[in-house]
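The structure appears below as structure tokens.
The numbers here are math on the coordinates, done by the rules we state, and not lab data. Since the structure is predicted, the reported quantities are computational estimates derived from the model, not experimental observations. Reconstructed Cβ throughout: ideal geometry from the backbone, glycine too, with neighbour counts over all protein chains shown.
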Amino acid sequence: MRRRAFLTRSAPGHIIESVKNRPFGGERKPVKAGNNMELKEAVAKLKETQRVMHAYNHAMGVMYYDIETAAPKNAIEGFSNTMATLSEITYKLSVNEENFALLDYLSEHAGELDEITRREVEEAQKGLRLLRNIPIEEYVEYQRVQSEASAVWHEAKVNNDYAMFEPHLKKLVEFTIRFAKYAAPEKDPYDYWLNEFEEGFTQDVLDKYFARIKEALVPLIHRISEKQQPDDSFIYKFYPVEKQRELSEKLMEMMGIDRACCAIGETEHPFTTGFNKRDLRITTHYYENALTYSMYSVIHEGGHATYEMGNCDELMDSPLSGGASCGMHESQSRFYENIIGRSRAFCGLVLPVIKEIFPEQLEGVDEEKFYRAVNKAEPSLVRTEADELTYSLHVLIRYEIEKKLMHGELDTKDLPAEWNRLYKEYLGVDVPSDKEGCLQDSHWSGGSFGYFPSYSLGSAYGAQILRAMQKELDVEKLVAEGNIPAVTDWLREHIHKYGQIKKPAELIRICCGEDFDPEYYISYLTEKFGRLYGLED
Ligand code: ZN
């Protein structure tokens, strides 16, 4: 998981007061600042606003990391107050008539701007599109509904009580549809939201994508479920946390992560955050009785961090630093975690390192046994714990449900039944409770509809990127030799250096020389798991 982009994009609930005092939508004053504003002056003004914004976001990001990792429990009150104040300042910095006029003026002169500035203007406009078009009263009401829904969801999940959450979800769905209409009246609401999260993707594209996933993977998963599963019991022996920390250091070293630019902390749920290419923070969670949980979290989050550390220097303080999209970010973290980290070559490389730290626990475990254990594919209930093969089916289920919700074809009251039906149909599992079912993810309670597909697209991008990389590099050989930095160099040159300068579809074209094509993902999974489970007959 990568945190930041959507935390800073939408204005948090506590800035409601400042919003009330400004004109919105139709009430806006006519724009005239642009007429006599010199282009150079306008660009300087943009850069100045960005510089100040960056400083505030930096400060808030560090505070956020601190509260999650190091701060004492009672720090939360002071933290919340300071965050509210700082958020209000950053909100006012971007949501005001002068800034709207500046961005409109620069948009009109887009052809005269350099590529980075042009993209900065475009992204800023995109971030403000919703806020400029929603009637203020509705926006304020939405903020209230959303924070209430989040709180209720937490409780509903703990108590396994969907009925308690349902009325809140219903309201959020209605708001989401309405907001899409305000922002882009000509678009289908779900298409609007999909494009917000992964630019260039519509239901047209995703319907075809998921149809292929379903057609290819559902029968494969069913065939595998009839096969004997590998013995992975050694993973669940006792692995002292202190020793696992040692392993994290080794893993980061193997990945070529510069520790002078990347810190590691410990949190309940692992995440990555970053402030510029020389200051990234990843976190992990250690379980004494699960060796691979933290191991693959570190590799995954290390992948997110590696992406941002590879940004070109010009993006140091630009809002375009980071990754191209959620999907592209996940493509990189999953590339390191699964395509590299769960490859036969990496298993051969890492096992001796792990054995040196845990000789007793891993006695008798050879490379093949380790490789099979970390690739055990088994239909399950929870998306975040799913294996590489079944993962996209969890996403597909959410996609189908969101589509129906956004088109009024599914009442929120009937959501659990539909969820359970789809889990049975695609993954063959019975969902015992809503807690392990439709209440498991936080996304909907936060008002995010259209986010899920980017998780699956990330995996699919990764497989296509691998194929392009293999044309130039002997990836398996490099990994087996421990030369992961050579793989990273290639990714930096083709993806990381661009940050958000290029959009995801464009990056795939630059990197792979063709458009996005899910067939690479399907053949990657079919070949890998076919071999692992002996299905090549
Ligand atoms: Zn991630």
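What the table below lists for this structure:
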read-out	value
Compactness relative to 2.2 N^0.38 Å, alpha carbon Rg of the chain	0.98
Total formal charge among the other residues, if their Cβ is under 13 angstrom from that of Ala42, Lys/Arg +1 and Asp/Glu -1	-4
Environment charge of Pro485, counting only residues whose C-beta is closer than 12 Å and scoring Lys/Arg +1, Asp/Glu -1	-3
Vicinal HN-Hα couplings computed from phi for segment 359-373 (Karplus, 6.51 cos²θ - 1.76 cosθ + 1.60; Hz; Gly/Pro x)	x, 6, 4, 10, 4, x, 8, 9, 3, 5, 5, 5, 4, 5, 5
Over 18 Å (Cα to Cα) - which of Lys170/Lys403; Lys403/Lys503; Lys243/Lys355; Lys214/Lys376; Lys45/Lys92 fall in this group	Lys403/Lys503; Lys214/Lys376
Pairwise centroid distance, computed over Cα atoms, of segment 67-106 with segment 400-427, Å	36 Å
Per-residue [θ]222 nm for the chain (sum of -39500 (n - 2.57) over DSSP H runs n ≥ 4, rounded to 500)	-19000 deg cm²/dmol
Highest to lowest packing among 174-181, 355-362, 150-157, scored as the average C-beta count within 10 Å	174-181, 150-157, 355-362
Calculated from backbone phi, Karplus (6.51, -1.76, 1.60) coupling profile of segment 501-514 in Hz, x at Gly/Pro	4, 9, 7, x, 4, 5, 4, 4, 5, 4, 6, 10, x, 7
Local electrostatic count at His494 - Lys and Arg +1, Asp and Glu -1, tallied over other residues with Cβ under 14 Å	+1
Relative contact order %, the chain, counting alpha carbon pairs below 8 Å whose residues are six or more apart	18 percent
Sorted peptide list for 55-61, 186-192, criterion being average Cβ within 10 angstrom, highest first	186-192, 55-61
Beta bridge orientation in the chain: antiparallel %, DSSP, nearest 5	40 percent
In degrees, nearest ten, helix 344-357 long axis to first principal axis of the chain (Cα)	80 degrees
Karplus-derived 3J(HN,Hα), 6.51/-1.76/1.60, for each residue of segment 97-113, Hz, glycine and proline x	4, 5, 5, 4, 5, 4, 5, 4, 4, 5, 4, 5, 9, 3, x, 9, 9
Amide H partners (placed H, <5 Å) of Ile495, local residues excluded	none
Highest average packing first - 518-531, 269-282, 297-310, 77-90, Cβ atoms within 10 Å	297-310, 269-282, 518-531, 77-90
Nearest-ten-degree value, helix 136-159 long axis tilted from longest Cα axis of the chain	20 degrees
Helix 391-406 axis, angle to the chain major axis (alpha carbon atoms, nearest 10°)	30 degrees
